[in-house]
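The values are calculated or read from the model by the stated rules, or taken from the named source; none is laboratory data. All values derive from a computational prediction rather than experimental measurement. Positions of Cβ are generated from backbone atoms using ideal geometry, with glycine treated the same way; all protein chains shown enter the neighbour counts. Keep in mind that these areas ignore ligands, DNA and RNA; they rest on the heavy atoms of the full protein, side chains included. Shrake-Rupley method; radii C 1.70, N 1.55, O 1.52, S 1.80 Å.
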Amino acid sequence: MNVGILLVTHGQIGHQLVATAETIFCQGMASVACVSVPANINPQQLGRYADQIRDTMAAQDTGAGVLVLTDLYGATPDNLARYFTEQGNARVVSGVNLPMLLRVLNYSRQSLQQLCDIAIAGGKSGIKQSDVPLADIRSGNIQQAN
């Protein structure tokens with residue numbers, strides 16, 4: 001039994017991340033669901049998206065729980081997702097990026113808590129500052145940092 005994976009993001013961010021991951025993996029990728037929440041959502045629409053998140057979380061949970069990745073901590077998609085984690089076996093990790101998603105997909109058979117830790121590590125390790133000049137990259141004159 002695999003942990004379900006759900007991305008809850010503003011606009012099409014989640015869909016684009018999943019589409020890019022599908023291109024990288026080509027095949028054999030774990031199933032990922034997405035719920036898109038508009039950036040300009042008004043209070044009257046919250047219930048509609050809350051229901052969609054709740055229903056998608058339930059559909060993704062095959063018994064091992066659901067890892068929910070959101071784009072921005074404290075924003076509407078994140079807050080809506082966190083509301084439903086109290087009712088089920090789910091964890092929310094905010095700040096989703098492509099390295100985080102790829103790492104989660106590579107280790108999708110881990111437990112929910114392990115996958116949560118893997119998501120955080122993958123997101124952090126995918127953020128780097130590069131001070132290597134483009135000329136050095138083109139010439140192959142790059143030394144690896146420890």
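Using amide H atoms built 1.01 Å from N in the peptide plane, name the residues 5+ places from Gly4, or on other chains, whose amide H lies under 5 Å from its own.
Thr62, Ala64, Gly65, Val66, Leu67
I need the trypsin sites (Lys or Arg not before Pro) found in the stretch 42-123, filtered to DSSP loop residues with at most 16 other beta carbons within 10 Å of theirs.
On the way: sites: Arg48, Arg54, Arg82, Arg91, Arg103, Arg109; in loops: Arg109.
Sparse-neighbourhood loop trypsin sites (Lys or Arg not before Pro): Arg109.
With contacts defined as alpha carbon pairs under 8 Å and 6 or more residues apart, what's the relative contact order of the chain in percent?
Numbers: 225 pairs, mean separation 37.7, N = 146.
Across the chain, relative contact order equals 26 percent.
I want to check the label-to-label distance for Asn42 and Lys124. Put each point 7 Å from Cα in the C-beta direction and report it in nm to one decimal.
A separation of 4.2 nm, rounded to one decimal place.
On the accessible surface of the chain, probed at 1.4 Å, how many percent belong to carbon and sulfur atoms?
Values: 4190 of 8590 Å².
Carbon and sulfur: 49 percent of the exposed surface of the chain.
If you take volume of the Cα convex hull per residue in Å³ from the coordinates, which of (i) 135; (ii) 154; (iii) 113 do you get?
(i)
With every protein chain kept in place and ligands, DNA and RNA left out, what is the accessible area per residue of the stretch 75-117? Probe 1.4 Å, answer in Å². Spell out each step's value before the answer.
Values: 2150 Å² over 43 residues.
Result: 50 Å² of accessible area for each residue.
What whole-number value in Å² describes the accessible area per residue of the stretch 1-72 for a 1.4 Å probe? Don't jump to the answer; show the numbers that get you there.
Values: 3630 Å² over 72 residues.
Roughly 50 Å² per residue, with all protein chains present.
Calculate for the chain the 222 nm mean residue ellipticity that helices alone would give, adding -39,500 (n - 2.57) per DSSP H run of length 4 or more and normalising by residue count, nearest 500 deg cm²/dmol. Before the final figure, lay out the partial values.
Details: 6 runs with 67 residues, N = 146.
Per the formula, -14000 deg cm²/dmol.
By per-residue mean of other Cβ atoms within 10 Å, what is the highest-first order of 62-75, 33-46? Present the calculation step by step, with values, prior to reporting the outcome.
Numbers: 62-75: 19.4, 33-46: 14.1.
Ranking the peptides 62-75, 33-46 by packing returns 62-75, 33-46.
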